[in-house]
Amino acid sequence: MNRFDAAVPYEEWDATGTAWGPDYRERLRDVWQPLRKAVQEGLIPGGVAGIRYKSVCLYYAVGLAEAGEKERQAGIHTLYDCASLTKVTVTLPLILKLWEQKKLDLDDPASLYIPELSSPNSSLITVRQLLSHTAGLPPTWDFHSSSWRLEHILYFLGNKVEFGGHGTVYSDLGFILLGVIVERLFGTTMNEAARRYLFSPLEMKDSCFCPSPDLRFRIASTEWSEELGDFWTGIVHDENARALGGISGHAGLFATCSDLLQYAQLWLEPEQTQFEGKPILSRFAIDEAQKRHGNGLDPSNRGLGWVLKGNRHDVSGSRLSERSFGHTGFTGTSLYMDPQRGLAAVLMTNRVHFGRQQDITELRKTFHDAAADAVDHLAKESG
């Protein structure tokens, strides 16, 4: 597919408060420049960026949600395939919720909830190890080509895959298993559990798995599909998640930039997020997830789910503090937070639209640097 060439790309702005002053567009122009530049240079067709600071959320959209014959502009209400952000925005908080409800313990063997993990080594792997990617699982496995159903996958993971390797290996497979635990202990689908405990109380109004076809016009397209003769739009990009019906613990979430900034409040101000009169998650659970978890041989700079500062997958840039943490999604999404500044930064792109080879590592880092600089400048101005 041809790249989108736009010397002056379409732009859209919005803000939820006035703390930045009436001239906020000019004051924040540098924050959005990395995204604008990536679109102008044809690296990506478009995207939406947002920051949350002191309960004020600001958004910026530029370029296209879909290039080519069905060209559509990206806007602040565009939904994106979040890919692996699903791990930390749905699966992780739901596991922590189960932990706080005393329905599981993080150091329980996962086999207590998934009896299919019956081999001598798989039966000993803990929930904590799955969350911290220290279970020794391979990064992924091709289930979709064989059209395996969940029962086949669980049998395979329980009997054929070697667990217990050394070090930290980022793995989709561990979060597929965590998704199974979520559904079995809540007694409902991931989508419904997320809606009840996360999406509704946090007012994440557009977040969902398997979005309705009626929403297609609002969804950023991901990669070109020879099978469809069209771009994947509203159908999860991850092949294994697609084989699992679009709902999985490792991928499948669709959300807007504003929804993810709403979600960020759970981690920056947990006491302000309420479910049935209590915080959705306690400060204790929030802090536990941000601790460094390793197996002794490899400390790894990984939390529970989250990538911490200094991890080899960290794209926080050079300006976010040592307390910062975040995650990325293969399709081109990311969420990073800096508790020291009270800052959250969300970048939503469809990186794979022009091919999987498009590298947005520097875009992510420079965006985070610019966001940190902007809030530091504001803090100095306000005294």
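Computed from the coordinates by the stated procedures, all read-outs in this text should not be read as laboratory data. Note that the structure is a prediction, hence the values are computed from the model and not measured. Glycine gets a Cβ as well: all are built from the backbone with ideal geometry, and neighbour counts include every protein chain shown.
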>> With +1 assigned to the C-beta of every Lys and Arg and -1 to the C-beta of every Asp and Glu, and no other charges, what is the dipole magnitude of the chain about the Cα centre in debye, to the nearest 20?
In response: 680
> Which peptide among 337-344, 365-372 comes first, and what is the full order, when sorted by highest mean count of other Cβ atoms within 10 Å?
Replying inline: 365-372, 337-344
> So, by mean Cβ neighbours within 10 angstrom, what's the order for 35-46, 172-183 with the highest one leading?
Replying inline: 172-183, 35-46
> Once the other residues with Cβ under 12 Å from the Cβ of Gly187 are scored (Lys, Arg +1; Asp, Glu -1), what is the net sum?
Replying inline: +1
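In the chain, how many lysine pairs have Cα atoms under 14 Å apart, counting only pairs 8 or more places apart or on different chains?
Here the count comes out as 4.
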>> What does the charge count around Tyr336 come to, taking other residues whose C-beta lies under 12 Å from its C-beta (Lys +1, Arg +1, Asp -1, Glu -1)?
In response: +4
> Under a Cβ-Cβ cut-off of 11 Å, what is the net charge of the residues other than Thr366 that fall near it, where Lys and Arg count +1 and Asp and Glu count -1?
Replying inline: 0
>> At 222 nm, what value in deg cm²/dmol follows for the chain if DSSP H runs of at least 4 each add -39500 (n - 2.57) and the sum is divided by all its residues, to the nearest 500?
In response: -8500 deg cm²/dmol
>> Placing unit charges on C-beta atoms (Lys and Arg positive, Asp and Glu negative, everything else neutral), compute the dipole magnitude of segment 207-346 about its Cα centre in debye, rounded to 20.
In response: 540
> What FRET efficiency comes out for the pair Lys70/Arg29, r = Cβ-Cβ distance, R0 = 41 Å, nearest 0.05?
Replying inline: 0.85
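I'd like to compare 232-241, 140-149: which one has the highest average count of other Cβ atoms within 10 Å, and what's the full order after that?
232-241, 140-149
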